[in-house]
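The structure follows.
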Amino acid sequence: MVWSEQDAAWADGVAVAKQYAAAHGHFLPPTTATWEGHPIGVWAKNAGAAARRARENEELRAAGLPVPSAAGAMTEARRDELDAVDPGWCPAWDTKWQRCYRLVQNHVQADGTLPEAAGDVVVQSERYSPAA
């Protein structure tokens with residue numbers, strides 16, 4: 001018996017996030033990504049928005065300003081769950097840059113080399129320019 005549809009959907013999403021991260025070395029799926037039929041890219045995008053909302057609310061509270069609403073903000077426990085999957089899952093900076101960083105980091109850790117001069121790096125079929 002499912003007591004909470006939201007909690008069940010969250011648990012399913014975290015399970016898929018773990019599988020995706022294990023296969024890719026990061027949990028920064030593009031929005032269009034699916035895994036085992038689950039729209040993990042959209043799920044990750046929504047989770048990131050909820051985490052950013054929570055961070056914004058925390059900053060407002062710390063500044064002594066009123067928080068308009070906690071609706072849609074992710075709980076700390078849920079953020080901790082996704083941080084355990086991949087500490088870089090919800091970057092404060094652009095997600096594309098973070099994905100590039102993680103893919104190149106994985107490439108280097110697997111003894112891959114990077115070009116010394118300007119050029120493109122292709123990792124997991126994604127092309128990034130060192131200048132980006």
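Readers should treat all values here as calculations from the given coordinates under stated rules, not as data from a laboratory. Note that this is a predicted model, so its numbers are computed, not measured. Neighbour counts are summed over all protein chains in view; Cβ atoms, including those assigned to glycine, are modelled from backbone coordinates with ideal geometry.
Starting at the first residue of region 39-52, write each ³J(HN,Hα) from the Karplus equation 6.51 cos²θ - 1.76 cosθ + 1.60 with θ = phi - 60°, in whole Hz, x for Gly and Pro.
Those phi angles translate into x, 5, x, 5, 4, 5, 4, 5, 5, x, 5, 5, 5, 5 Hz.
Count neighbours as other Cβ atoms within 10 Å of each site's Cβ, and list the GluC sites (Glu not before Pro) in region 30-121 that are DSSP loop with at most 13 such neighbours.
Details: sites: E36, E56, E58, E59, E76, E81, E116; in loops: E36, E116.
Sparse-neighbourhood loop GluC sites (Glu not before Pro): E36, E116.
Can you run the Rg to Rh ratio on region 1-82? Use alpha carbon positions and the Kirkwood inverse-distance Rh. Please report the intermediate quantities before stating the final value.
Numbers: Rg = 14.4 Å, Rh = 13.9 Å.
With Rh from the inverse mean 1/r over Cα pairs, Rg/Rh is 1.04.
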